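K.L.:
Here's a structure for you.
The values are calculated or read from the model by the stated rules, or taken from the named source; none is laboratory data. The shown structure was predicted, so the numbers you read here are calculated from the model rather than taken from an experiment. In this analysis, Cβ positions are derived from the backbone assuming ideal geometry, glycine residues included, and neighbour counts consider all displayed protein chains. Ligands, DNA and RNA are excluded from the accessible area calculation, which covers all protein heavy atoms including side chains. Shrake-Rupley method; radii C 1.70, N 1.55, O 1.52, S 1.80 Å.
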Amino acid sequence: MKDFSVFDIIGPRMVGPSSSHTAGAVRIGLIAHRLIGDEHIKSADITLYGSFAETGIGHGTDRAVLAGILGIGTEDPRIRYSVLLAQSEGVEFAVHKSDREMNHPNTARIVVESVSGRKFEIVGTSVGGGNIEIVEINGMEVSFTGDYPAIVLFYRDVPGVISKVTSILAETGANVAFMKVFRSAKRMDACMVIETDAPIPANEIERIKQSVDGIKEICAV
Amino acid sequence: MNYGFSTGEELIRLCENEKITIAEVMLRHETETCERSRDELVNEMFENLMTMQESIRIGLEEDQETMTGLAGNNAEKLLAYAEKSNMGPDMARICSAALAVAEVNASMGKIVAAPTAGSSGVIPAVLVMCSEKHSFTDRDLVNGLFAAGAIGIIIAKNASISGAEGGCQAEIGTASAMAAGALTELCGGTPAQALTASAMALKNILGLVCDPVAGLVECPCIKRNAMGAANAVLCADMALSGVTSIIPFDEVVNAMRSVGRMMNVDLRETAKGGLAVTPTALEIAKRINDEN
């Protein structure tokens, strides 16, 4: 039997109307925002599936995902006005509805591109109560919830990367909660998601990037 | 000492053995299971209370326009009618506060899910609007929220607080049971009386289906918040006056779970049954779909 915190029942504080269709949608967008990091976002392309596509407009799901992409949190009343905010910040965006069958009814796909041309494509699902799962990044199947601070590493699948990364993490004293590796094919693009109890400092992330061969990019989400 | 509990019986035993309130058991249990101090937990709940109070104020004072224009500003109407109300001005004000929060929620305003966003009007309406009459302090109301949380946890563990799993009885029913128990405790009722109030509140809403028009948290959800609040006050009053529940709280919760399992999936948030498939609802759904 799952043990609940009192704040699972009285909470979260959130912008309505729906924890799954609004708050969860914002959180999926926020993952895309964090992958881009400090850079300005040039464009965002959002596709809604299943119940997100069917009832998303009335639940503000489109505005919620866009708000998250702009870095607006689940408690922020500006969610309702994210379209205006995107326009004033010069972010190009489009929202599509798709009737393609996905594994989970509340699914969104986001393609974001920064002004310098960094591009990410993620697929996230809103699994209830504002909880989410990211199930795909840049075409690779992944699985993480965004409940913990995490770093996402993109690298070429060669021996030794995992142990080098984890040994640096050990030196920083970071406590790893969950860690998963994914790859597109043997010796091809791979992705590592490390969820930690506390955020990993930016300088340590930079150290991993500099000292481990084969790493293309590290994002803190 | 372990303050964990999974049933109403365990919760009452903890209260009676330690001679403490439901709110105090909840606070002690939370302190022992998370890495935060008692003060931090109280402050966090205080944040929730302030958000609840603000959502009532906004819903009663500012124009609310829901995403589809289906609902809005009914809270103000009922409040303006309070003095003439057949149920009395106090109850009318409580119900208008419940409508207010639910309308704020449907208009993409900020609320506290309690236990869900769709049922977020019940608990703030009952606790905040009763505080004037009884001179409850904000600290009292924070205790009320901890007590409400304890009752909600038992229902979440043994049944469900999700409309998709258990229908509206799991959302408005749970919120109403939480509010009834918390109000009873705040008014000086014993832990056993509080759970009696919760049992009666849940019994009254047992079997209610989740049938949102166009799949949105507007119709009939907003008005059911007002009903849930009124029901909570009624059941708290009955428990405080000495009325007892024939069926004990834990058995009511188990009955709610079993009713939820028997409920056809069309009646569990999918908008494929009940009010959602009436001719009027289908017309509204079509209109919203065409507009977008």
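K.L.:
All but one of (1) more than 7 Å from chain B (Cβ to nearest Cβ); (2) of a type outside the set (G, A, S); (3) free of Cβ contacts under 8 Å to residues at least 40 places away in the same chain; (4) assigned to a helix (DSSP H, G or I) hold for A:D38; state the number of the condition that does not hold.
P.N.:
All conditions are met except number (4).
K.L.:
I'm trying to understand the selection: among the residues of the range A:75-108, which are touching a Leu at 6+ places or on another chain (Cβ under 8 Å) and open to solvent by less than 70 Å² (accessible area, probe 1.4 Å)?
P.N.:
The answer is A:S82, A:V83, A:L85, A:A86, A:V91, A:F93, A:V95, A:S98, A:T107, A:A108.
K.L.:
Answer yes or no as to whether A:S143 is polar (S, T, N, Q), in a loop (DSSP other than H, G, I, E, B) and either under 18 Å from the mean Cα position of the chain (by Cα) or at pLDDT 95 or above (or both).
P.N.:
When the stated conditions are applied, A:S143 does not pass them.
K.L.:
With A:I218, A:I194, A:I205 as the choices, which residue is in contact with a helix residue (DSSP H, G or I) (Cβ under 6 Å, 6 or more places away or on another chain) and either of a type in the set (V, I, T) or assigned to a loop (DSSP other than H, G, I, E, B) (or both)?
P.N.:
None of the other options fit; the residue is A:I218.
K.L.:
Report, by residue number, each residue of the range A:30-44 that is under 8 Å from the mean Cα position of the chain (by Cα) and either among the polar types (S, T, N, Q) or farther than 12 Å from A:A67 by Cα (or both).
P.N.:
A:R34, A:L35
K.L.:
Starting from residues that are in contact with a strand residue (DSSP E or B) (Cβ under 9 Å, 6 or more places away or on another chain) and assigned to a loop (DSSP other than H, G, I, E, B), keep the ones in the range B:232-270 and report whichever is least open to solvent (accessible area, probe 1.4 Å).
P.N.:
B:M263
K.L.:
Right, another one. What is the residue count in the range B:3-48 for residues that are open to solvent by 50 Å² or more (accessible area, probe 1.4 Å) and outside any helix (DSSP H, G or I)?
P.N.:
Selection size over the range B:3-48: 5.
K.L.:
Right, next: Run A:C191 past the list (1) outside the structural domain of A:I41 (by TED's automatic domain parsing); (2) under 30 Å from B:S162 (Cα atoms); (3) surrounded by 16 or more Cβ atoms within 10 Å (Cβ to Cβ) and report the number of the one that doesn't hold.
P.N.:
(2)
K.L.:
Another question, if that's okay. Is it true that B:T51 is in contact with a Lys or Arg (Cβ under 7 Å, 6 or more places away or on another chain), of a type in the set (V, I, T) and without any contact (Cβ under 8 Å) to a residue 40 or more places away in the chain?
P.N.:
No; evaluated as a whole, the condition is false for this residue.
K.L.:
I would also like to ask the following. In the list B:G121, B:G149, which residue meets the criterion of being farther than 19 Å from B:E10 by Cα, out of contact with any Gly (no Cβ under 6 Å at 6 or more places or on another chain) and open to solvent by less than 20 Å² (accessible area, probe 1.4 Å)?
P.N.:
So the residue among B:G121, B:G149 that is farther than 19 Å from B:E10 by Cα, out of contact with any Gly (no Cβ under 6 Å at 6 or more places or on another chain) and open to solvent by less than 20 Å² (accessible area, probe 1.4 Å) is B:G121.
K.L.:
Please give the number of the condition A:Q210 fails out of (1) outside any strand (DSSP E or B); (2) open to solvent by 80 Å² or more (accessible area, probe 1.4 Å); (3) within 22 Å of A:L30 (Cα to Cα); (4) not charged (D, E, K, R).
P.N.:
The one condition A:Q210 does not meet is (3).
K.L.:
Oh, and also: Of everything in the range B:95-114, what is open to solvent by 10 Å² or more (accessible area, probe 1.4 Å) and more than 9 Å from every other protein chain (Cβ to nearest Cβ)? Give them in sequence order.
P.N.:
Listed by number, the list holds a single entry, B:L99.
K.L.:
Which one is farthest from the chain's Cα centre (by Cα) among residues in the range A:120-133 that are within 14 Å of chain B (Cβ to nearest Cβ) and open to solvent by 30 Å² or more (accessible area, probe 1.4 Å)?
P.N.:
Per the criteria, the residue is A:G129.
K.L.:
While we're on this one: Tell me, which helices (runs of 4 or more DSSP H) lie completely within the range A:45-119 with 2 or more residues that are polar (S, T, N, Q) and within 14 Å of chain B (Cβ to nearest Cβ)?
P.N.:
Answer list for the range A:45-119: A:50-59.
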